[in-house]
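The values are calculated or read from the model by the stated rules, or taken from the named source; none is laboratory data. Remember, it's a predicted structure, so these values are computed and weren't measured experimentally. Glycine gets a Cβ as well: all are built from the backbone with ideal geometry, and neighbour counts include every protein chain shown. Calculation scope for accessible area: heavy atoms of the full protein, side chains included, ligands and nucleic acids excluded. Shrake-Rupley method; radii C 1.70, N 1.55, O 1.52, S 1.80 Å.
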Amino acid sequence: MVRTAPTRPAASRTGRLRTREALYFHLFLLPWMIGFLSFVVYPVLASLYFSFTQYNILQPPHWIGLANYRHLLTSQLFWKSLEVTLYYTLLALPCTLLLGLLVAALLNLRVRGLRVLRTVYYLPTLIPPVAGALLWTWLLNPQFGLIDYVLQRAFHIHGPAWLASPTWVIPAIALMSLWGFGGSMVIYLAAMQGIPQEYYEAAQIDGASPRHLLWRITLPMLTPVIFFTIILGLIGSFQIFTQVYVLTQGGPDYASYFYNLYLYENAFNYFKMGLASAQAWILFIIILGCTLVLFRSSALWVHYDH
Amino acid sequence: MGHAFSANARPSARWQFADRRRRQAVLRALALLVLCAGALVIVSPIIWMLSASFEHMTQVLSFPPTILPSPWDFSAYRRGFTFMPFARYFWNSFFIGAMSSVGGVFSASMAGYAFARLRSPDSNVLFIVMLSALMLPYTVTMIPQYVLFKHLHWINTFLPLWVPAWFGGGAFFIFLFRQFFLTIPNDVFEAARIDGCSYFGLYWRILLPLSKPVLATAAIFHFQFAWSDFLGPLIYINSGSKYTVSLALSLFQARYGATPWNQLLAVSLVAMLPPVLLFFIGQRYVLSGIVVTQK
């Protein structure tokens, strides 16, 4: 690039280069822009419009104002699905986080076979959700499942009916998702390995104990990554669908009737596209709200180095 | 751990140091023990699954469960694959996975290049707009997309499952590419520019060859997403010959009546293989790819 442009011709040359560069910028962005307009912007606007209509795809949408939203907010099933989803999130998210941090911290002691262990813990996240859910249907089977066998051998108790029990179905699904905690664990481990060694050495020379190192250096340095995984985990667990569809179809007695399962059934079983769109927008607003609150709270507990 | 203790450290400090090292060795051994036990818990379902797929149904359903099949029975694989035409479904999933992988890598790396290396007055605004899509639940766009593809007569074809990847390839991947491209020193580009390399040449001949790790990461992730996708095929595919592996697996139980667990587990196990093998091939790249997005 021309650093100084004392004469006018050079300045206009820089300007020409700038325009050319901007032209290429948009050229390279073109595929994304086409996709963004047709698969994101248009759908978002259309979905917002649909949410105020009655629409079954066969007939054109019919404007009904806020009726869909009013219907949802007074529907017992809607609140049930929201409650189920929140309960699952509150159960699965903290457990995944704590277990991920714990295992990452242990691996970060540079134990032997770190790579192999890390791969083993990461393995379940690679399994396609349908295959994983089928495997867990079998594991959780109260008659011949592995989990019941372990409970009997180790604690001499019969496990509950898991997926057939309204009380235990959500903990069972949370347990299944906990199996995939390796996904966030590798992120924590990478972040821990990225903490400069000098911090620890300096603290040790000052006589800090291992507990101090953990609470005063490792955890504060990890807070940005923890923040990131909480947001992604929240968005992900609010939207869980495949596992539930395969495991329980929402049963027994709506005990695992997750938000997106209800949405899917409205959209593709009953073709209530307007109602389903309203559901999608309510979820979007909930997710935005939670993210906003988390961002606000981040000033209190997230430590940024720079 | 290399502790740099000064030569004039007092003897008590040296004792302390030795004591700390001993404690650390014990701590590390304990950690290894806990981690190995944990790893065993994590893999045991898969091992159990593997053994059940080689068992007779009577043994699968017996209690207590047995680890080793006796006798070894390979019929579950044969019968599982003939009960439904899984060879066909694997091909379908491969096709969708490969197509979205190639398209996703190209379109996302192009956008990543633009955001990382090309200047334009609107680049910051567009970047934020691009990232905002990450927050959007898929259900918001799902219904209008379905309507759109219905108007295009794409229902019951593979097109809705891979064509969108060719147009942007997902905000996450654009971000991944941008972050990686930013780590490549500017001098490389300036030198190529001085030698008369065009903007397209920079992308094609400089950037892509230097970015093999992140290209591999994105290709693997894309393939895995497409391979694992269930909702997409569930919505768009309705004729039996076009099922993907995930969709067929979900229907296996219902089709059969009483669940033939050994067959179901055998087919599920084979369905897990492509993403797992792909991960092992590109493990080095994939794990570094996860780290890149954190920065």
Only one of (1) surrounded by fewer than 22 Cβ atoms within 10 Å (Cβ to Cβ); (2) more than 30 Å from residue A:58 (Cβ to Cβ) does not apply to residue B:168, and that is (1)
A careful count of residues in the stretch A:207-235 that are within 12 Å of chain B (Cβ to nearest Cβ), open to solvent by less than 40 Å² (accessible area, probe 1.4 Å) and closer than 30 Å to residue B:246 by Cα gives 4
Counting only residues that are open to solvent by 30 Å² or more (accessible area, probe 1.4 Å) and within 7 Å of chain A (Cβ to nearest Cβ), the stretch B:47-61 contains a total of 2
Per the list (1) under 15 Å from residue B:266 (Cα atoms); (2) in contact with a His (Cβ under 9 Å, 6 or more places away or on another chain); (3) surrounded by fewer than 15 Cβ atoms within 10 Å (Cβ to Cβ), residue check on residue B:69 breaks on (3)
Taking the stretch A:152-174 and the residues there that are modelled with pLDDT of 90 or more and part of a helix (DSSP H, G or I), the one that is nearest to the chain's Cα centre (by Cα) would be A:174
Listed by first then second residue, the pairs whose first member lies in the stretch A:32-61 and is more than 7 Å from every other protein chain (Cβ to nearest Cβ), whose partner is of a type in the set (Ser, Thr, Tyr) and buried (at least 18 other Cβ atoms within 10 Å of the Cβ), with beta carbons under 6 Å and at least 6 positions apart or on separate chains, are A:51/A:277; A:61/A:53; A:61/A:55
Pairs returned, first residue in the stretch A:136-161 that is over 14 Å from residue A:175 (Cα atoms), second residue that is exposed (fewer than 14 other Cβ atoms within 10 Å of the Cβ), beta-carbon separation under 6 angstrom, 6 or more apart or interchain, are A:144/B:63; A:149/B:64; A:151/A:157
Check: What about residue B:152, is it touching a Gly at 6+ places or on another chain (Cβ under 6 Å) and either surrounded by fewer than 17 Cβ atoms within 10 Å (Cβ to Cβ) or hydrophobic (A, V, I, L, M, F, W, C) (or both)?
Finding: no
Quick count over the stretch B:100-143, residues being surrounded by 22 or more Cβ atoms within 10 Å (Cβ to Cβ), facing chain A (nearest Cβ under 7 Å) and of a type in the set (Ser, Thr, Tyr), is 4
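Restricting to the stretch A:72-84, name every residue that is without any contact (Cβ under 8 Å) to a residue 60 or more places away in the chain, assigned to a helix (DSSP H, G or I) and not aromatic (Phe, Trp, Tyr). Let's see the steps before the verdict.
Taking the stretch A:72-84 first, the residues without any contact (Cβ under 8 Å) to a residue 60 or more places away in the chain are A:73-76, A:79, A:83.
Adding the requirement that they be assigned to a helix (DSSP H, G or I) leaves A:73, A:76, A:79, A:83.
A:73, A:76, A:83, listed by residue number.
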Residue A:190: passes all of (1) within 13 Å of another protein chain (Cβ to nearest Cβ); (2) surrounded by fewer than 18 Cβ atoms within 10 Å (Cβ to Cβ); (3) in a helix (DSSP H, G or I) but (2)
Across (1) open to solvent by 20 Å² or more (accessible area, probe 1.4 Å); (2) among the hydrophobic types (A, V, I, L, M, F, W, C); (3) at pLDDT below 90, residue A:290 clears everything bar (3)
- Going by the structure shown, is residue B:237 in contact (Cβ under 8 Å) with a residue 60 or more places away in the chain and either among the hydrophobic types (A, V, I, L, M, F, W, C) or more than 8 Å from chain A (Cβ to nearest Cβ) (or both)? yes
Scanning the stretch A:97-128 for residues that are within 7 Å of chain B (Cβ to nearest Cβ) and part of a loop (DSSP other than H, G, I, E, B), the one surrounded by the most Cβ atoms within 10 Å (Cβ to Cβ) turns out to be A:128
Scanning the stretch B:237-255 residue by residue, those in a helix (DSSP H, G or I) and either crowded, with 22+ Cβ neighbours inside 10 Å or within 21 Å of the chain's Cα centre (by Cα) (or both) turn out to be B:245, B:246, B:247, B:248, B:249, B:250
Counting only helices (runs of 4 or more DSSP H) wholly inside the stretch B:68-147, the ones holding at least 3 residues that are closer than 24 Å to residue A:18 by Cβ are B:86-117, B:123-132
Hey, does the stretch A:256-266 have a residue that's under 16 Å from the mean Cα position of the chain (by Cα), hydrophobic (A, V, I, L, M, F, W, C) and crowded, with 22+ Cβ neighbours inside 10 Å? yes
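With the requirement that a residue be among the small types (Gly, Ala, Ser), under 30 Å from residue B:180 (Cα atoms) and buried (at least 17 other Cβ atoms within 10 Å of the Cβ), what does the stretch B:76-99 give you? Give the derivation first.
So in the stretch B:76-99, the residues among the small types (Gly, Ala, Ser) come out as B:76, B:80, B:87, B:93, B:97-98.
Then keep just the ones that are under 30 Å from residue B:180 (Cα atoms); that gives B:93, B:97-98.
Passing the criteria: B:93, B:97.
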ask   = With respect to residue B:25, is the statement that it is within 13 Å of another protein chain (Cβ to nearest Cβ) and buried (at least 18 other Cβ atoms within 10 Å of the Cβ) true?
value = no
Scanning the stretch B:35-53 residue by residue, those touching a residue at least 60 places away in the same chain (Cβ under 8 Å) and either more than 25 Å from the chain's Cα centre (by Cα) or not in a helix (DSSP H, G or I) (or both) turn out to be B:52, B:53
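For residue B:168, state whether it is part of a loop (DSSP other than H, G, I, E, B), in contact with a Gly (Cβ under 9 Å, 6 or more places away or on another chain), under 23 Å from residue B:208 (Cα atoms) and within 12 Å of chain A (Cβ to nearest Cβ). Reasoning before the result, please.
On the way: part of a loop (DSSP other than H, G, I, E, B): yes; in contact with a Gly (Cβ under 9 Å, 6 or more places away or on another chain): yes; under 23 Å from residue B:208 (Cα atoms): yes; within 12 Å of chain A (Cβ to nearest Cβ): yes.
Yes: the conditions hold for residue B:168.
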Picking from A:87, A:69, the residue that is open to solvent by 60 Å² or more (accessible area, probe 1.4 Å), in contact (Cβ under 8 Å) with a residue 60 or more places away in the chain, more than 8 Å from chain B (Cβ to nearest Cβ) and on the phi < 0 side of the Ramachandran plot would be A:87
(1) in a helix (DSSP H, G or I); (2) open to solvent by 30 Å² or more (accessible area, probe 1.4 Å) all hold for residue A:131 apart from (2)
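Can you report the number of residues in the stretch A:274-306 which are among the aliphatic types (A, V, I, L, M), without any contact (Cβ under 8 Å) to a residue 12 or more places away in the chain and farther than 30 Å from residue A:58 by Cα?
5
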Margin query: Suppose the filter is among the aromatic types (Phe, Trp, Tyr), open to solvent by 50 Å² or more (accessible area, probe 1.4 Å), under 21 Å from residue A:275 (Cα atoms) and modelled with pLDDT of 95 or more; does residue A:49 pass it?
Written below: yes
Scanning the stretch B:187-205 for residues that are part of a helix (DSSP H, G or I), open to solvent by less than 80 Å² (accessible area, probe 1.4 Å) and more than 13 Å from residue B:110 (Cα to Cα) gives B:188, B:189, B:191, B:192, B:193
